[in-house]
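All of the numbers you see were taken from the coordinates with simple rules; none came from a lab. These numbers were taken from a predicted model, which means no experiment stands behind them. Neighbour counts are summed over all protein chains in view; Cβ atoms, including those assigned to glycine, are modelled from backbone coordinates with ideal geometry.
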Amino acid sequence: MAGDELLYELKNVGFHYPSGEQALESVDLTINRGEKVVLLGANGSGKSTLLKLLSGLLYAEEGTVKFLGQSLDEESLSNEEFSFAFRRRVGFVFQNSDAQLFNSNVWEEIAFGPVQLGLDSEQVRGRVESMLHLLEIEHLRNRPPFKLSGGERKKVALASVLSVNPEVLLLDEPTMALDPRTQGWLVEMLIELNRTGKTIITATHDLAIVPVIADKMFVFNEEHRVVAEGEPVELLADYDLLASVNLIDRTFHEHRHPKYAHLHAH
């Protein structure tokens, strides 16, 4: 269940790509501990950039990003003690699983994080076996990640993040390129992880999964700003809003459903 403790606070956050193009513009938002949050927007709206700011992989060029009251900037994350504590509390599952899988087999991939935490060999083994069982990938333990299917790689990437038992899970377009069965499995996994107390923050443009994986939503437009926030059911019913941020074509949608225009978010 979501609590009242403020986890992230962003004020007037801006960021540019190396080319000079704006990635985020004047973003203000707050996320409490234990919430399920979706960052919704079209491709290129800044969702992935924001996740990288929340994970400390990038730093805001304008404004402030705070985690439990502490600024996430180059100075704070150069502090070894703070950086170590933050990295073990926040896990990031990339859109492209290949970007974070680099070990020779699945067992070593999942063991990497616990080893970095300084756990002893028995503790590492326990974490790995637990993740293999939780994600039902015991049969993949000796397989090289590059020989796995897209869905299998996504499970291994998730296992490698969960093996350090983070409090916060950041996911970038987690259902992209997954078959329906694997998508369903992933959605159920996110719901269950949230039930255990983890904060789940997902960037997506997949409207169908939003009502299930979020109790709060921030909508980004193509000018890289947050233009709406609130409960998913309410915002997903605002077709003008969704059309304005290029998530639906209202004319096409209502042509197909002239009498009962609605989104297919089940």
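For every residue, the table says whether it meets (1) more than 19 Å from GLN95 (Cβ to Cβ); (2) free of Cβ contacts under 8 Å to residues at least 40 places away in the same chain; (3) of a type in the set (Gly, Ala, Ser); (4) in contact with a Leu (Cβ under 8 Å, 6 or more places away or on another chain).
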{"site": "THR182", "(1), (2), (3), (4)": "no, yes, no, no"}
{"site": "TRP185", "(1), (2), (3), (4)": "no, yes, no, no"}
{"site": "ILE201", "(1), (2), (3), (4)": "no, no, no, yes"}
{"site": "LYS216", "(1), (2), (3), (4)": "yes, no, no, no"}
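LEU57: without any contact (Cβ under 8 Å) to a residue 40 or more places away in the chain and within 18 Å of the chain's Cα centre (by Cα), yes or no? Step through it out loud before you land on a result.
Numbers: without any contact (Cβ under 8 Å) to a residue 40 or more places away in the chain: yes; within 18 Å of the chain's Cα centre (by Cα): yes.
Criteria met by LEU57.
Can you tell me which condition LEU72 does not meet? The list is (1) out of contact with any strand residue (DSSP E or B) (no Cβ under 6 Å at 6 or more places or on another chain); (2) closer than 27 Å to THR49 by Cβ; (3) free of Cβ contacts under 8 Å to residues at least 24 places away in the same chain, and all the others hold.
In the conditions (1) out of contact with any strand residue (DSSP E or B) (no Cβ under 6 Å at 6 or more places or on another chain); (2) closer than 27 Å to THR49 by Cβ; (3) free of Cβ contacts under 8 Å to residues at least 24 places away in the same chain, LEU72 misses (1) alone.
May I ask you to list pairs of residues, at least six apart or on different chains, whose Cβ atoms are under 7 Å apart, with the first in region 7-23 being under 20 Å from LEU170 (Cα atoms) and the second being hydroxyl-bearing (Ser, Thr, Tyr) and in a strand (DSSP E or B)?
Filtered contacts from region 7-23: LEU7/THR199; TYR8/THR30; GLU9/THR30; LYS11/THR64; GLY14/SER26.
Just checking: which of the helices (runs of 4 or more DSSP H) contained wholly in region 40-119 hold 1 or more residues that are surrounded by 21 or more Cβ atoms within 10 Å (Cβ to Cβ)?
On the way: elements: 47-54, 74-77, 80-89, 106-116.
Helices (runs of 4 or more DSSP H) meeting the threshold: 47-54, 106-116.
Filter region 8-33 down to the residues that are outside any strand (DSSP E or B) and among the charged types (D, E, K, R), then identify the one that is nearest to the chain's Cα centre (by Cα).
Let us first name the residues in region 8-33 that are outside any strand (DSSP E or B), namely 17-21, 33.
Those still in the list that are among the charged types (D, E, K, R) too: 21, 33.
Values: GLU21: 23, ARG33: 15 Å.
Here the answer is ARG33.
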